[in-house]
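Accompanying notes for the structure given below.
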Amino acid sequence: MIVYGLLDVLKKGNQEANLFGASQLGTEHLLLALLTLPTVPSVAILNKLQVNYESIKVLVANELKGKSAECNQRGLLLDEHTEHVLKLAQKEAEDLESASINADHLVLAICGERKCTAAKLLEKMDLDLSKVSALIREYLSKAIKPSNKLSQPAKLSRSEESRLRLEIQGWMARIVMAQQAGRLDLVEQATEKRTLLEEELRLLGQQDDDK
């Protein structure tokens, strides 16, 4: 099974946002991007609950009635709710002991961020997001394999390693999105943050080796 990572979904979400002429990458665009990936377990669960790309696209289009839209084919920055969803996705990846943030974690994060547009769209489809999250977690907890979990160096704290590595991944994705949007100032800020986290991870491992 193909595993779609954070950056894969963000890039697809950017394409969806451009099609709607959006000025920022919103959670509704992430949801549309996710629904183009039917092999993702959490998306397959949504499909079984009668949520699919076309049904959500209609809802998004209805939200934009009367607003002008133009496909601009450029990179977009993340809106406030999308930023929060990314942070929640990182937490979901940590809780599930995953080595990286993937599409399933983003679906769980959307279900957990009830104020975001994507969650509101799902609720319009008469979904109980708490039950949807429970179904996804149940499936993932059974399906996850040891090889998909974080490796455990002999001495390095597993939870701390998980947090740092996943946070670094998140900032790397932000760097790519900022580059595509032509925001060199944000690229510089995100790169600095990623570098600090990488140094923190290196020092943590070094401290453990010295014990």
Open item on the list: Between LYS131 and ARG202, what's the calculated FRET efficiency when r is the beta-carbon distance and R0 is 41 Å? Round to 0.05.
Closed with: 0.45
Open item on the list: Students often check this: by mean Cβ neighbours within 10 Å, which of 107-119, 12-24 ranks highest, and how do the rest follow?
Closed with: 107-119, 12-24
Task: Simple label model, 7 Å out from Cα along Cβ direction - ALA99 to GLN24, nm - done: 3.5 nm
Open item on the list: Students often check this: by mean Cβ neighbours within 10 Å, which of 92-99, 193-200 ranks highest, and how do the rest follow?
Closed with: 92-99, 193-200
- [ ] List every residue whose amide H lies under 5 Å from the amide H of LEU78, counting only residues 5 or more places away in sequence or on a different chain, with H placed 1.01 Å from N in the peptide plane.
- [x] LEU25
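Quick note: the coordinates plus some simple rules give every number you see, no bench work behind them. Just so it is clear, the model here is predicted, and its values are computed rather than measured. With ideal geometry, Cβ positions are generated from the backbone for all residues, glycine too; neighbour counts draw on all protein chains shown.
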